[in-house]
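Visitor: This is the structure, below, for whatever I ask next.
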Amino acid sequence: MPNNKFTGKILWRNRFAFYLLAVGSACGLGNIWRFPYVAGENGGGAFILLYLLLAFTVGVSILIAELMLGKKSEASLLKITHRVSTTHKKPYFWISRLTLFITLVILSYYSVISGWVLHYITQFVVGFFRGDTLHYISSLNMKVLTDNGWLQFALASVHLIVAGLIVGQRITNRFEKILTTFIIPVFVFLFAMLLVRSLSLDSTPEVLRFIFYPDFSKLNLRSLGHAIGHVFFTLSIGVGALVTFGSYFKAEDHLPKVGFRVMMVDVMISLFSVLLVFPIAFSIGEKPLTDPSLLFEALPRLFMKIQFGALFGLGFFICLWAAALNASVGLLETLASNYSERYLKSDRKNSIWLITVITLGFTIIPAFSGSALKDVKLFDQTLLENIDSFLINYLLPISGLGMAFLFFKALPLADQKDLFLDEKTESSYALINYWQAILKFAAPILIAAGIILQIIALVRG
Ligand code: PHE
């Protein structure tokens with residue numbers, strides 16, 4: 001198998017497995033854990049429609065541009081900005097620095113949430129060995145975690161160390177093989193089964209109305225920014241991971257098609273996640289739908305009703321963790337390859353561990369936000385909520401925009417056309433102008449509007 005010059009990673013031959021991998025790199029906690037509660041927080045149907053519109057326009061356009069940037073340059077983000085700065089004689093380093101900083105903070109935040117998943121895995125195992133398995137599982141909740149910063153920190157450390165080992169030992173390929181041949185099929189099966197069970201609950205008609213009937217009066221000043229931020233987060237836009245990923249593609253791969261398919265699958269999974277979680281949440285009734293604990297509180301109540309529920313629950317959370325691990329490996333690899341390219345003399349393994357330790361340092365804030373730091377509140381929200389919001393709703397869209405900017409600076413028009421147009425895909429000739437217009441005009445305007453409206457909402461209180 002051929003090797004990628006930039007990462008040394010083996011290129012995949014099997015196209016289907018490669019697609020699975022592309023989808024796997026986008027899908028994760030963002031779809032299954034974050035989307036349901038963000039959609040709940042913003043009132044359901046109208047927000048979901050807004051999210052879909054943005055995913056099909058701004059989201060997929062920048063996704064494609066980032067992949068192209070990676071494929072054409074075959075270099076890390078730092079190197080690309082270096083080249084662009086030299087050719088244009090202007091310093092564009094802030095783009096890659098901002099992006100890599102965001103990547104680091106996202107990885108630390110993501111590790112804390114992945115730690116929650118790990119905690120649930122252990123709880124399902126404990127449940128097995130208890131006489132009152134069902135009762136135990138049904139009473140699982142997040143309080144133990146939110147109250148205990150050390151536990152969250154320890155779980156996040158385990159997650160990060162496993163990710164570090166996978167990247168450091170260069171077994172990413174092997175891990176990805178396990179993911180595509182085993183974990184993803186099992187996950188699809190479990191997910192489908194749970195979805196059928198959840199949709200057979202009495203609350204489903206009410207849920208379908210909530211999701212598919214857009215009540216625009218439920219949108220508020222923050223909704224546009226929240227929708228853009230979530231689209232970027234769920235599609236992994238604006239962190240440089242797609243640049244790395246784009247460099248794995250071969251000359252004959254048509255990136256707009258790849259990007260579109262990845263976006264479609266990602267969006268479908270997000271919608272299925274809402275359909276999975278909301279019927280349970282509606283039938284419990286006592287909890288608001290706007291809380292990061294939504295998935296974790298809702299699912300155990302479904303497993304309780306299913307035969308062998310503890311076993312399925314365990315399987316589901318293991319698959320979810322594997323998906324989260326895959327996303328973290330991608331983030332860590334991006335950080336490590338940028339770092340070791342910048343400081344060529346530094347040993348790759350050392351740089352991975354250095355980055356892992358720095359990331360771990362950053363996890364302290366989200367991990368302790370519900371315990372030791374619980375009285376530190378900003379804008380009436382905990383530190384975890386503030387990090388989530390600042391990172392995803394403000395910084396990520398800015399850095400996504402930075403990528404689009406870099407794309408235009410790094411690739412001349414001839415290259416852009418060459419990568420977008422495809423004789424076998426007639427629609428590519430019709431779509432190229434829209435794509436360029438979205439990148440140049442719609443994306444900056446919408447992102448700026450989303451940020452300004454959120455600031456107005458903050459000031460108003
Ligand atoms: N897209 C991933 C998810 O939805 C999160 C992620 C963001 C992964 C950025 C890599 C980079 O879970």
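The values are calculated or read from the model by the stated rules, or taken from the named source; none is laboratory data. Here the structure is a predicted model, which is why all the values come from computation and not from measurement. Here Cβ is always computed from backbone atoms with ideal geometry, including for glycine, and neighbour counts include all displayed protein chains. Note: areas computed on protein heavy atoms with side chains; ligands, DNA, RNA excluded. Shrake-Rupley method; radii C 1.70, N 1.55, O 1.52, S 1.80 Å.
Visitor: With a 1.4 Å probe and every protein chain left in place, tell me how much accessible area HIS119 has, in Å² to the nearest 10.
Guide: The accessible area comes out at roughly 20 Å².
Visitor: Sort out for me the Cα centre separation of the range 368-408 from the range 421-452, rounded to whole Å.
Guide: If you average the Cα positions of each part, the centres end up 26 Å apart.
Visitor: Taking the Cα centre of each part, how many Å lie between the range 219-244 and the range 24-49?
Guide: Their Cα centres are 11 Å away from one another.
Visitor: If the cut-off is a Cα-Cα distance under 27 Å, which lysines reach LYS177, setting aside same-chain residues fewer than 8 apart in sequence?
Guide: Candidates past the 8-residue exclusion: LYS5, LYS9, LYS71, LYS72, LYS250, LYS257, LYS349.
Visitor: Follow-up question, since we're still on this one. Can you work out the FRET efficiency for the pair ARG348 and GLU74, with r the C-beta to C-beta distance and R0 = 25 Å, to the nearest 0.05?
Guide: The computed FRET efficiency comes out at 0.90.
Visitor: Let me ask something additional. About the Cα centre, and with charges only on the beta carbon of Lys, Arg (+1) and Asp, Glu (-1), how big is the dipole of the chain? Nearest 20 debye, please.
Guide: Dipole magnitude for the chain comes out near 1180 debye.
Visitor: Separate question: Using the heavy atoms of the protein chains alone and a 1.4 angstrom probe, what is the accessible area of the chain per residue in square angstrom?
Guide: Ligands and nucleic acids excluded, the result is 43 Å² per residue.
Visitor: Then there is this: Enter the Cα centre distance for the pair the range 168-196 and the range 94-118, rounded to the nearest angstrom.
Guide: 22 Å
Visitor: Tell me which lysines have Cα within less than 28 Å of LYS305's Cα, excluding those fewer than 8 residues away on the same chain?
Guide: LYS143, LYS287
Visitor: Next up: In percent, how large is the relative contact order of the range 72-169, given Cα pairs closer than 8 Å and 6 or more residues apart?
Guide: Normalised by residue count, the contact order of the range 72-169 is 25 percent.
Visitor: Loop only by DSSP, 16 or fewer other Cβ within 10 Å of the Cβ. Give me the trypsin sites (Lys or Arg not before Pro) in the range 154-256 that pass, ordered by residue number. List each step's numbers first, then the result.
Guide: Values: sites: ARG170, ARG174, LYS177, ARG197, ARG209, LYS218, ARG222, LYS250; in loops: ARG170, ARG222, LYS250.
Answer in residue order: ARG170, LYS250.
Visitor: For ARG15 and TRP94, what does the FRET efficiency come to when R0 = 41 Å and r is the distance between their Cβ atoms, rounded to the nearest 0.05?
Guide: Approximately 0.65, to the nearest 0.05.
Visitor: Also, I was wondering about something else. If you take the beta carbon distance between GLN307 and THR122 as r and set R0 to 22 Å, what does 1/(1 + (r/R0)^6) give as a FRET efficiency, to the nearest 0.05?
Guide: Efficiency, from the Cβ-Cβ distance: 0.45.
Visitor: Give me the percent of accessible area attributable to carbon and sulfur for the range 194-334, probe 1.4 angstrom.
Guide: 65 percent
Visitor: Test of the criteria: in the range 157-253, which GluC sites (Glu not before Pro) are in a DSSP loop and have at most 16 other Cβ atoms within 10 angstrom of their Cβ? Mind showing how you got there, number by number?
Guide: Details: sites: GLU176, GLU206, GLU252; in loops: GLU252.
Those satisfying the criteria are GLU252.
Visitor: How large is the Kirkwood hydrodynamic radius of the range 221-355, in angstrom, based on all distinct alpha carbon pairs? Mind dumping the intermediate values first?
Guide: Details: mean 1/r = 0.0549 Å⁻¹.
Value: 18.2 Å, from the Cα pair sum.
Visitor: When the helices in the chain are scored as -39500 (n - 2.57) per DSSP H run of 4 or longer and the sum is shared across all residues, what 222 nm value do you end up with, to the nearest 500 deg cm²/dmol?
Guide: Calculated at 222 nm, the ellipticity per residue is -22500 deg cm²/dmol.
Visitor: Sticking with this structure for a sec: State the dimensionless ratio Rg/Rh of the chain (Rg: radius of gyration of Cα atoms; Rh: Kirkwood radius).
Guide: 0.95
Visitor: For the range 17-460, what's the relative contact order in percent, using C-alpha pairs closer than 8 Å and at least 6 residues apart?
Guide: This gives 37 percent for the range 17-460.
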